[in-house]
Amino acid sequence: MEGFNLKNTFFSCITIIVLILSMLFFYEPAQNLLCSFAIFERFLINTPRVCSLFDTTRLSRYKGVDGGKIYLSILGIVFDVTEGRRFYGPGGSYSGFSGRDASRSFITGLFDEENLTDHVSDMDPNDLIGLDTWINTYKKKYKEIGKLIGRYYDSSGKETDYSKLVFEKIQSSKMAKVAKNEEMARYPSCNIEYVQENQKSKVWCTKLSGGIQRNWIGVPRKLQSLDENGKLSIRCACVQLDTLSKTELMHINEYEDCDVNATTCYVKIS
Ligand code: HEM
C-alpha cells in the first residue's frame with residue numbers, strides 16, 4: 001500500500017513538473033508571470049521566446065547598473081542594447097532611454113519628465129518617421145527581445161489600437177514623403193533671389209535648381225502643390241514644357257510679365 005502511494009506520488013509529481021514546464025515553454029502568459037520574479041527571470045531571460053513580454057517594472061530593472069544588462073523600448077518594441085553601454089549605461093549621454101519606453105525623447109532629444117514618455121500620437125506625423133528609422137537602426141545593430149505591455153502591446157502581446165494608429169500615421173507620412181520626393185524630381189524648385197531695386201524676386205532654373213541634378217533646365221512656373229501639412233500652396237517650379245500632360249497643366253500657371261520660354265523671370269511673390 002505504502003509502495004503504491006509512493007509510486008502514485010512520484011508520477012503525480014512528474015506530471016505536475018511536465019505540466020509546469022510545458023506551460024512555461026508554450027503558454028506565454030505563464031512564462032511572463034514567472035519572468036516577473038527576478039529569480040526566474042535571471043535563468044530564463046537568455047532563452048529565446050521565453051520572457052519576451054515585459055511590464056514597465058520588469059523593464060526598469062535593465063538600466064545597466066553594476067554591469068548588468070541594458071534594455072530599452074521604442075514604440076513598445078524591446079531591444080537589448082547592452083553592447084551600447086557607452087551610450088546607454090549609467091552616466092552615458094543616452095542613459096535616459098534605458099529601462100523604459102521614452103519614444104517621445106527619441107523625437108525631441110529632450111530628457112525631462114514631459115518627454116520621457118511613450119506617448120507620441122499627438123506629434124507631427126513627419127517626426128514620427130524618425131521613430132521608424134530608429135527601430136530599423138536598432139533591428140540592425142541590436143537584438144530585438146520582446147514587447148512592452150502597455151500603450152503599444154496588451155498583456156497577451158497583441159498590438160493595441162494606439163499602436164496601430166501610430167504605425168498608420170508613420171506609414172502615411174512615409175507615402176506622402178515618397179510622393180513629395182517624386183513631385184520634387186518632376187518639378188524641381190526654382191532658384192529665388194529678392195531684388196531690392198525693382199522690388200521683385202528673380203526666379204530662374206538651372207540644371208541643379210531645387211537641388212535636383214538633371215539633364216534639362218526647364219522654365220519657371222507657378223505650381224499648385226500640397227505642402228508638408230497637406231495644405232494647398234503655390235511654389236515656383238521648373239517645368240519641361242514639352243512633357244506636360246493636360247492634367248498637369250491644370251496645376252501649372254505662367255508668371256505674368258515673363259516670356260513663356262524664359263528660364264529667368266522677375267516676378268512679384270506674395
Ligand atoms: C533628437 C535628438 C537626438 C537623439 C534622439 C539622439 C540619439 C542617439 C542615440 C540613441 C545614440 C546611440 C546610437 C546607438 O546605439 O548606436 C546616439 C549616438 C550619438 N549621437 Fe545622438 N541623438 C540626438 C542628437 C544628437 C546631436 C544633436 C548630436 C551632435 C551634436 C549627436 C551626437 C551623437 C554622437 C556623436 C553619437 C555617437 C555615434 C557613434 O559613436 O556611433 N546626437 N544618438
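Each value in this text was obtained by applying a stated rule to the coordinates, not by laboratory testing. What you see is a predicted model, and the numbers here were worked out from it, not measured in a lab. Positions of Cβ are generated from backbone atoms using ideal geometry, with glycine treated the same way; all protein chains shown enter the neighbour counts.
For region 71-101, a residue qualifies if it is closer than 15 Å to LYS147 by Cα and among the β-branched types (Val, Ile, Thr), and the qualifying residues are ILE74, ILE77, VAL78, VAL81.
Taking TYR142 as the residue in question, decide whether it is surrounded by 16 or more Cβ atoms within 10 Å (Cβ to Cβ), under 17 Å from PHE79 (Cα atoms) and among the hydroxyl-bearing types (Ser, Thr, Tyr). Step through it out loud before you land on a result.
Working: surrounded by 16 or more Cβ atoms within 10 Å (Cβ to Cβ): yes; under 17 Å from PHE79 (Cα atoms): yes; among the hydroxyl-bearing types (Ser, Thr, Tyr): yes.
Spelling it out, TYR142 is indeed surrounded by 16 or more Cβ atoms within 10 Å (Cβ to Cβ), under 17 Å from PHE79 (Cα atoms) and among the hydroxyl-bearing types (Ser, Thr, Tyr).
The residues in region 211-270 that are within 24 Å of GLN196 (Cα to Cα), of a type in the set (Ser, Thr, Tyr) and free of Cβ contacts under 8 Å to residues at least 60 places away in the same chain can be counted, and the count is 3.
From the residues in region 68-85 that are among the β-branched types (Val, Ile, Thr) and within 12 Å of the ligand (Cβ to nearest atom), which one is nearest to GLY157 (Cα to Cα)?
It comes out as ILE74.
Output the residues belonging to region 184-221 that are of a type in the set (S, T, N, Q) and not in a helix (DSSP H, G or I). Walk me through it before giving the result.
Let us first name the residues in region 184-221 that are of a type in the set (S, T, N, Q), namely 189, 191, 196, 198-199, 201, 206, 209, 213, 215.
Matches in region 184-221: SER189, ASN191, GLN196, ASN198, GLN199, SER201, THR206, GLN213, ASN215.
Scanning region 224-241 for residues that are of a type in the set (Gly, Ala, Ser) and in a strand (DSSP E or B) gives SER225, SER233, ALA237.
Taking first residues from region 138-153 that are closer than 13 Å to ARG58 by Cβ and small (Gly, Ala, Ser) and partners that are in a loop (DSSP other than H, G, I, E, B) and more than 16 Å from the ligand (Cβ to nearest atom), the Cβ contacts under 6 Å between residues at least 6 apart in sequence or on separate chains come to GLY146/SER52. Summed over region 242-263, residues that are in contact with a strand residue (DSSP E or B) (Cβ under 9 Å, 6 or more places away or on another chain) and either more than 12 Å from GLN224 (Cα to Cα) or part of a helix (DSSP H, G or I) (or both) total 11.
Taking the condition more than 30 Å from ARG221 (Cβ to Cβ) and touching a residue at least 24 places away in the same chain (Cβ under 8 Å), does GLU113 pass? Reasoning before the result, please.
Working: more than 30 Å from ARG221 (Cβ to Cβ): yes; touching a residue at least 24 places away in the same chain (Cβ under 8 Å): no.
Considered against the rule, which asks whether it is more than 30 Å from ARG221 (Cβ to Cβ) and touching a residue at least 24 places away in the same chain (Cβ under 8 Å), GLU113 comes out as no.
Once region 109-162 is narrowed to residues that are within 16 Å of the chain's Cα centre (by Cα) and of a type in the set (Asp, Glu), the residue that is nearest to the ligand (Cβ to nearest atom) is ASP127.
Filter region 86-102 for residues that are more than 10 Å from the ligand (Cβ to nearest atom) and in contact (Cβ under 8 Å) with a residue 12 or more places away in the chain; which is surrounded by the fewest Cβ atoms within 10 Å (Cβ to Cβ)? Here the answer is PRO90.
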